[in-house]
1. Run the helix sum for the chain: -39,500 (n - 2.57) per DSSP H stretch of 4+ residues, divided by residue count, reported at 222 nm to the nearest 500 deg cm²/dmol.
2. Heavy atoms of the protein only, probe of 1.4 Å, neighbouring chains included. What is the accessible area of Tyr43 in Å², nearest 10?
3. Test of understanding: what is the full-extension gain from Leu164 to Ala90, defined as 0.36 nm times their sequence separation minus their Cα-Cα distance?
4. Which cross-chain or sequence-distant (5 or more) residues have an amide H under 5 Å from the amide H of Thr8, H modelled 1.01 Å from N in plane?
5. Using alpha-carbon pairs under 8 Å, 6+ residues apart, how would you state the relative contact order of the chain in percent?
6. For segment 147-164, take each phi angle, set θ = phi - 60°, evaluate the Karplus expression 6.51 cos²θ - 1.76 cosθ + 1.60, and give the result in whole Hz per residue in order, putting x for glycine and proline.
7. Just to confirm a number: summing +1 for Lys and Arg and -1 for Asp and Glu over residues other than Pro37 whose beta-carbon lies under 10 angstrom from that of Pro37, what do you get?
8. Enter the Cα centre distance for the pair segment 49-63 and segment 78-144, rounded to the nearest angstrom.
Amino acid sequence: MARWVQPTGAEALLARRDGIRRTYAEAFAGPPWHEDPELADGYVHRLAKDAARPGFRAALALDGVPEEPDADSVVGFATAWTTASPFPSARGYAAVASVLGPERTAAWLVGALEVDELALSPHARGTGLAAALLESVTASAPEGRCWLLTSADAEPAVRLYRRLGWRRVPGPAEGPDIAVFLGPGHPALRDPALRADA
């Protein structure tokens, strides 16, 4: 048995929706998320709409026989797309804008590649697959401009992003318990205040 990461298009991704549903449920069942497994159904439903977004890209982490992968072989996935203009306000976007402020949000995030989900089954963690998934969906980010949002309490994820050179954007002392990260090649990281990582 082998484990590997492969970029995938929307159609091939959606063909593995059962494996994605299972992986999502497993990945977000524990802390800090504690999501009900039924939320995975909502994610898969949303994924069909997200796959039509401009700049959409995805990657799958698979476990099994490379010549015969099936839906059960999905152990992880990542999705990303181009952040819309004007900056959206649904879902977690309002919290992101409150951390960055309107000027930095527009300059740093609009038109950048936004990593929406990075999920890995617990039994596949510590194998390098998460890093490979993230690299797969961000490698061709225009001018290195990529970003993501996570919970500040998601310690393993936060450690992973820092280890890979992503930098957390400092936010207000009081505010949402979120962490906004800029990818290692993001031009905003030329600012010395961001190099230190908050």
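The values are calculated or read from the model by the stated rules, or taken from the named source; none is laboratory data. Nothing here was measured: the structure is a model prediction, and the numbers come from that model. Note: ideal-geometry Cβ built from the backbone for every residue, glycine included; neighbour counts use all protein chains shown. Ligands, DNA and RNA are stripped out before the accessible areas are found, and what is left, the full protein with its side chains, is counted by its heavy atoms. Shrake-Rupley method; radii C 1.70, N 1.55, O 1.52, S 1.80 Å.
1. Working: 7 runs with 59 residues, N = 198.
That comes out to -8000 deg cm²/dmol.
2. 10 Å²
3. Working: separation 74, 0.36 × 74 = 26.64 nm, distance 2.84 nm.
Extra length available between Leu164 and Ala90 comes to 23.8 nm.
4. Ala58, Ala59, Leu60
5. Working: 356 pairs, mean separation 40.6, N = 198.
For the chain, the relative contact order is 20 percent.
6. So the J values, rounded to whole Hz, are 8, 8, 10, 8, 6, 5, 8, 7, 4, x, 5, 4, 4, 4, 4, 4, 4, 8.
7. Details: positive: Arg21, Arg22; negative: Glu26, Glu35, Asp36, Glu38, Asp41.
Summing Lys and Arg as +1 and Asp and Glu as -1 gives -3.
8. Taking the Cα centre of each part, segment 49-63 and segment 78-144 sit 12 Å apart.
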